[in-house]
Every structure is written in C-alpha cells, then in structure tokens.
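Down below is the structure, laid out as structure tokens.
The values are calculated or read from the model by the stated rules, or taken from the named source; none is laboratory data. Owing to the predicted nature of the structure, the values given are computational and were not obtained by experimental measurement. As a convention, Cβ positions derive from the backbone with ideal geometry for all residues, glycine included, and neighbour counts pool all protein chains shown. We work out accessible area using only protein heavy atoms, side chains counted, and drop any ligands, DNA or RNA first. Shrake-Rupley method; radii C 1.70, N 1.55, O 1.52, S 1.80 Å.
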Amino acid sequence: MQYRLLKPELGHRLPTVNSTNDWIRNPEIPFGSWVIAEEQTAGKGRGSNVWQSLGEDPLIFSGKIRLSAAEISLPLVSIFISSALLKTIFLFFPERVNDTTIKWPNDIYKNEKKVAGILVQSEFINGVYDVVIGIGLNFFGKQIPDPLQDKASFLCDTFLSEGELERFANQLVVEINQAIITLLDPGQVLKDLVWIEEHSLLKNKVIETEWEERMVRGRVLGIDELGFLLIMTETGQKIELMDTSPKFRII
C-alpha cells in the first residue's frame with residue numbers, strides 16, 4: 001500500500017473558513033494536502049467541544065493523509081502528532097523547553113494551561129485509514145475570555161515575526177511526516193515514547209478518571225506501545241486508558 005504523507009507543495013492558505021478539517025475532507029482535495037487559515041468560524045474539538053482560536057496570528061492547520069490500518073495504531077498517531085507539534089515548538093521557541101509539555105493524548109500545555117489542541121479524525125475504508133489532522137495553536141495575544149482564564153494561555157510572550165507563522169507551518173509538515181514514518185518502526189516507536197514521556201504533563205502525576213462506569217484514582221506509569229495511558233490505581237490494579245473521560249482530572 002502506498003502511504004500518502006503531507007507534501008510541502010500541496011499547502012494552501014485561506015483567509016477564512018468554517019473549519020479547516022471540514023474544508024480538507026472535501027474529496028476533491030487530494031491526500032497530502034494541508035491548509036492554514038487566518039480565521040476559523042466553527043473550529044472543532046473532540047466530541048461536542050469546539051476549538052476557539054485566541055490572540056493574533058493563531059495557527060489554524062489541517063492536513064490529510066492515508067495510512068495502512070494494519071501497521072498503525074490510531075491512539076499512537078494522536079500522541080505522535082502531539083510530539084511533532086511540540087518538537088516544532090522547541091525548534092522555533094527553545095525557551096519553551098522547560099515549561100511546555102504534552103497532555104496525553106493530544107493537547108499542548110504551557111505550565112498548567114492549554115495552548116494547543118490536536119483533533120485526529122479518521123475513516124476506515126478497505127484496510128486503510130483516511131486521516132485528517134487538525135491543529136490549533138494560540139501563539140500570542142493580549143486577552144483571554146473570562147470563561148477560559150483558568151484553562152487557556154498563549155505560547156509566546158510577544159508577537160510573531162513576519163513570515164514566522166508560515167515557516168512554522170512548513171516545519172510542522174516535516175515533523176508530522178517524520179512522526180508517521182517513525183510509527184512504522186517498532187524499535188523507533190519505543191525510543192520516541194521515552195522522549196514523549198519525558199515531556200509529558202502527566203509524568204508521575206496522580207489522576208482521577210471514570211473507568212468502566214466507576215471513578216478510579218491512580219498514578220500515571222507511562223504510555224504503552226499502542227498509545228494507551230497506563231495507570232496504577234490505589235488498589236494496585238494496572239489499567240489502560242485509551243482516551244480521557246469528561247471527568248478526567250489531575251489531582
């Protein structure tokens with residue numbers, strides 16, 4: 001099967017769009033395409049959530065790729081896309097290395113507040129995954145809406161320089177492709193998971209979440225080779241989480 005990764009020459013820039021994920025899902029847009037928008041009026045989050053772009057020059061990005069279902073774990077795709085974004089952040093803003101982390105499975109946090117979210121949507125057809133990758137990153141702004149004051153922040157302390165958004169997006173395409181290539185090598189996956197865990201907001205944290213229709217509390221052990229979060233509960237039971245529940249919280 002031929003993989004379809006992102007192609008630098010298939011980038012688009014739009015002034016405004018309802019949702020970059022919806023725009024790129026159009027069958028007329030070929031695999032390998034990616035897009036950034038200056039404005040998004042109906043950004044999507046996981047489930048029924050929405051993504052709200054904040055500040056000046058936010059990154060509003062979507063890409064469309066095709067993967068073999070037999071060789072790829074979708075939970076791993078999500079966490080590895082998060083790592084691709086974090087690696088791009090560290091490349092452009094090395095001062096963020098000590099305060100910016102991945103919150104499993106697909107958010108980027110600066111200290112204790114969210115600065116970026118990733119939404120991976122997939123469709124299974126004849127043994128392949130058609131995957132749309134949506135990324136929103138709030139670079140810099142002067143004001144955060146009151147309802148988000150305790151939850152959201154900005155990555156940077158100043159405005160982006162001219163052309164920096166485009167350079168960031170182009171490098172992100174490179175890092176996303178490298179992340180997908182890494183997923184095809186089990187040995188390299190384990191090495192990258194070590195890097196991800198070193199830059200994890202949940203590293204050694206105690207969390208509480210809903211699991212099998214009951215609330216459990218436990219310490220985070222790490223992320224397994226399928227992308228599941230490993231928890232050791234208060235009762236000594238080891239459990240695997242595929243995703244967060246609405247009641248997931250750090251103690």
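Points to keep in mind about this one:
- Beta carbons closer than 9 Å, at least 6 apart along the sequence or on distinct chains, pair a first residue in segment 152-165 that is within 13 Å of I108 (Cα to Cα) with a second that is part of a helix (DSSP H, G or I) and hydrophobic (A, V, I, L, M, F, W, C) for L155/I89.
- When each of E28, E9, E38, E71 is tested for being open to solvent by 80 Å² or more (accessible area, probe 1.4 Å) and closer than 30 Å to F248 by Cα, the lone residue that passes is E71.
- The lone criterion from (1) assigned to a strand (DSSP E or B); (2) closer than 30 Å to E38 by Cβ; (3) charged (D, E, K, R) left unmet by D150 is number (1).
- Test result for S83, in a helix (DSSP H, G or I), over 28 Å from P145 (Cβ atoms), open to solvent by less than 50 Å² (accessible area, probe 1.4 Å) and of a type in the set (S, T, N, Q): yes
- Complete set of residues in segment 125-135 that are out of contact with any helix residue (DSSP H, G or I) (no Cβ under 9 Å at 6 or more places or on another chain) and surrounded by 11 or more Cβ atoms within 10 Å (Cβ to Cβ): V128, D130
Table: residues versus (1) open to solvent by less than 30 Å² (accessible area, probe 1.4 Å); (2) charged (D, E, K, R).
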{"site": "T158", "(1), (2)": "no, no"}
{"site": "R167", "(1), (2)": "no, yes"}
{"site": "Q171", "(1), (2)": "no, no"}
{"site": "I176", "(1), (2)": "yes, no"}
{"site": "L183", "(1), (2)": "yes, no"}
{"site": "P186", "(1), (2)": "no, no"}
{"site": "D192", "(1), (2)": "yes, yes"}
{"site": "E197", "(1), (2)": "no, yes"}
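- Search result, residues across segment 113-131 that are free of Cβ contacts under 8 Å to residues at least 60 places away in the same chain and within 20 Å of S153 (Cβ to Cβ): K113, K114, V115, A116, I118
- Residue list for segment 207-227, filter: within 24 Å of D192 (Cα to Cα), open to solvent by 40 Å² or more (accessible area, probe 1.4 Å) and either assigned to a loop (DSSP other than H, G, I, E, B) or not charged (D, E, K, R) (or both): L221, E225, L226
For every residue, the table says whether it meets (1) in contact with a helix residue (DSSP H, G or I) (Cβ under 9 Å, 6 or more places away or on another chain); (2) on the phi < 0 side of the Ramachandran plot; (3) modelled with pLDDT of 95 or more; (4) of a type outside the set (A, V, I, L, M, F, W, C).
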site: S82; (1), (2), (3), (4): yes, yes, yes, yes
site: F93; (1), (2), (3), (4): no, yes, yes, no
site: P105; (1), (2), (3), (4): yes, yes, no, yes
site: E123; (1), (2), (3), (4): no, yes, no, yes
site: D146; (1), (2), (3), (4): no, yes, no, yes
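- Residue match in segment 164-176 (condition: assigned to a loop (DSSP other than H, G, I, E, B) and over 17 Å from the mean Cα position of the chain (by Cα)): no
- As a summary of the residue check, N98 satisfies the conditions (1) open to solvent by 30 Å² or more (accessible area, probe 1.4 Å); (2) assigned to a strand (DSSP E or B); (3) modelled with pLDDT of 95 or more except for the one numbered (2).
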